[in-house]
Amino acid sequence: MVSLSMDVTARKRAEQRLRDSERMFRAVLEASPAAVSISDAAGRRLWVNSRMPEMFGQPLERLIGGESWTALADPAIRADLIARIEAGERIMDFEVEVRRPDGSSFWALVSHEPIEYEGRPARLSWAYDITSVKEAERALRDANRQLYELSQAKSAFLANISH
């Protein structure tokens, strides 16, 4: 009878550290204010964090397995982004309007990074809701336009008074 024993303590510790690291990574992604997804090379979502269903107005079951980028409001922008992504380009901080299934929309700042997921090429996508920023920009443009019109009216009034 031959007996062999091996100390696997170091391997068990390494495995536990890896599990802890994966748990922490998922906790960070779940706590993120951004909608985060991982899609396969064909653009089908493999994983999404809990913010995505909330932001995109769809249940988790419809998002997993669904195609990425289908919610973009402008078909031309969607086609351009898909072409850039398929070419392996990294997309950073791109502003897009996203349409929810109920017809409402929001503005998002999206980023996309080619990655490897479970040993295969994949895509990591982030989306931040920037609707309030876009609304503030519009309000500022409107205020500037009103200020310009008032300035023009004042100039015309002063010109008439001086004659």
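The values are calculated or read from the model by the stated rules, or taken from the named source; none is laboratory data. Since we're looking at a predicted model, the values are computed, not measured. Note that we place each Cβ from the backbone using ideal geometry, even for glycine, and neighbour counts take in every protein chain shown. All accessible areas refer to the heavy atoms of the entire protein, side chains included, with ligands and DNA or RNA removed. Shrake-Rupley method; radii C 1.70, N 1.55, O 1.52, S 1.80 Å.
Once fully extended, how much extra length lies between Val8 and Ser32, figured as 0.36 nm per residue of separation less the alpha-carbon to alpha-carbon distance?
5.0 nm
Using a Förster distance of 25 angstrom, determine the FRET efficiency expected from the C-beta separation of Arg120 and Arg84, and round it to 0.05.
0.75
Going toward the positive end of the dipole of segment 1-94, with +1 on Lys and Arg Cβ and -1 on Asp and Glu Cβ, which of Ala34, Val8, Leu81 do you reach last?
Val8
Which whole-Hz couplings ³J(HN,Hα) result when phi for each residue of segment 82-99 is put into the Karplus expression 6.51 cos²θ - 1.76 cosθ + 1.60, θ = phi - 60°, listed in order with x for Gly and Pro?
So the Karplus estimates, Gly and Pro as x, are 4, 4, 5, 5, 5, 7, x, 6, 8, 9, 10, 6, 9, 8, 9, 8, 10, 9 Hz.
Could you sort 111-122, 147-158, 126-137, 34-45 so that the peptide with the highest average Cβ count within 10 Å comes first and the rest follow in order?
Highest to lowest by the protection proxy: 34-45, 126-137, 111-122, 147-158.
Return the FRET efficiency for the residue pair Tyr148, Glu54: r is the Cβ-Cβ distance, R0 is 35 Å, and the value is rounded to the nearest 0.05.
The pair Tyr148/Glu54 has a calculated efficiency of 0.30.
Spelling out what I want: for every residue of segment 67-78, take phi, set θ = phi - 60°, compute 6.51 cos²θ - 1.76 cosθ + 1.60 (Karplus), and round to whole Hz; glycine and proline get x.
Running phi through 6.51 cos²θ - 1.76 cosθ + 1.60 with θ = phi - 60° gives 7, 6, 6, 5, 7, 5, 5, 9, x, 5, 5, 4 Hz.
Can you give the FRET efficiency for Val133 and Ile161, using 1/(1 + (r/R0)^6), R0 = 41 Å, r = Cβ-Cβ distance, to the nearest 0.05?
In this case the efficiency is close to 0.45.
Would you kindly calculate the mean projected area, averaged across all directions, of the convex hull enclosing the Cα atoms of segment 44-93, in square nanometres?
Result: 3.9 nm².
Which label belongs to the value computed from this structure, given these candidates for Cα extents along the principal axes in Å: [x] 51, 47, 35; [y] 119, 31, 30; [z] 53, 29, 28?
Checking each listed value against the structure points to [y].
Using the heavy atoms of the protein chains and a 1.4 angstrom probe, tell me the accessible area per residue for the chain in square angstrom.
Accessible area per residue: 69 Å².
So what's the back-of-envelope 222 nm ellipticity for the chain, counting only DSSP H runs of four-plus at -39500 (n - 2.57) apiece and dividing by all residues, rounded to 500?
Mean residue ellipticity, 222 nm, calculated: -15500 deg cm²/dmol.
Take Asp74, project a point 7 Å from its Cα along the Cβ direction, then tell me which residues of segment 17-35 have their backbone nitrogen under 19 Å from it.
No residues fall inside that zone.
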